[in-house]
Every structure is written in C-alpha cells, then in structure tokens.
Amino acid sequence: MLRLTMKIILPFLSILFSLTLMAQTSVTSTATAEVIEALRAAEIAALNFGRFSPETSGGEIRVTPQGVRSSDGTVSLSGGQYNPASFQLVGQSDATISIILPQSSTTLIHQSTGKTMEVYRWEMNNITNVGTAVLTKGTLILSIGATLKVGTVADNPIGKYSGTYVITFSYN
C-alpha cells in the first residue's frame, strides 16, 4: 500500500514542481536618460524706482513689469531713470521653467545712514509669487516689477538706497 501511494504521490509532486518552475519568467528592458542644457540666468537691468521725494508723509512707488511707474501718498515722482528688473534666461529649447519671486519683502539700505525702505508686492507679467514660462527657441527675457514703501524724509533721508533679492528659476 505504501508503495502504491508513493507511486501516485511522486508523479503528482513532480508535476507540481515543474509547474512552479514554469511560472517564472524574465524580460530584458531598456532604461533611458537625456541630459539637457543647464539653465542660465543673467540680469540685464536692475530694478530701479528712480528719483522721488517723500514730501510730508511718504507712501508707495510701484514699477510694473511693463515699465510703468506710479505713486500714492505724498510721494512726488521726479525725472531720472526708472525701470523693472530684466533677466535673460537661456536653456533647453522649448522647455518649461518655474519662476519663484521673493516670498517676502527686501530691504533697501541708505548707503551712509543705514535707514531703510521696503520692497514688496513682486510681480511678473501679472503673476504674483509663482509663475511658469517657456524658453522659446531656448531663450526668454523676463521683466519683474515691485512696490517700494517710502517713509517721511526723516525716515528716508536724501541719498541712494540699495539691497539684494533672490529670484529662483528652475526647469519643470
């Protein structure tokens, strides 16, 4: 009886193991990668609010990305050069990029007194803080505007003010 059972079980186990081995398969696949041109940015023109007088109580000056300057409060605009910031981006043709404007204000400091003014409300082509653009034929010129908060003459004495800010450009 044991011999008969072994004769039945052994072929069954043999079939079971061969089915398990046949259920396994392999495939060869391909992996790819593409290196693209590094994204580069250069400042063409610095953000410049131009000449003005705060008069009695100050206010704000806005320079739009299109180069339009306006003021409110008692700020009196004067002649002289003013313009939005301008940047040239160069990279992979027709690639989409992200542009992240400053998320907070930037301080401009008087060169001799240390008094300050605040730059905020960053804007680019009617988009605030985050935007995307395409590098048409691998290049793009961007203009960026902002608003300058101006105090009284006591808060912001006569002289030049300057400061720095960071704009981040990256591939999507």
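Values quoted throughout were computed directly from the atomic coordinates according to the rules given, and no laboratory measurement underlies them. Every value quoted in this text rests on a predicted model; they were computed, and no experiment measured them. Quick reminder, even Gly has a Cβ in these numbers, built from the backbone with ideal geometry, and neighbours come from all protein chains shown.
Sequence-ordered 3J(HN,Hα) estimates for region 56-68 from the Karplus curve with 6.51, -1.76 and 1.60 and θ = phi - 60° stand at 7, 9, x, x, 9, 10, 10, 10, 7, x, 7, x, 8 Hz, glycine and proline given as x.
Karplus-based coupling profile of region 36-46, in residue order and whole Hz: 10, 4, 5, 7, 10, 10, 9, 7, 8, 9, 7, with θ = phi - 60° in 6.51 cos²θ - 1.76 cosθ + 1.60 and x standing for Gly or Pro. Note on Ala38/Ile109: beta-carbon distance plugged into 1/(1 + (r/R0)^6) with R0 of 35 Å gives a FRET efficiency of 0.60.
How high is the FRET efficiency between Ala31 and Gln92 when r is their beta carbon distance and R₀ equals 22 Å, given to the nearest 0.05? Efficiency, rounded to the nearest 0.05: 0.60.
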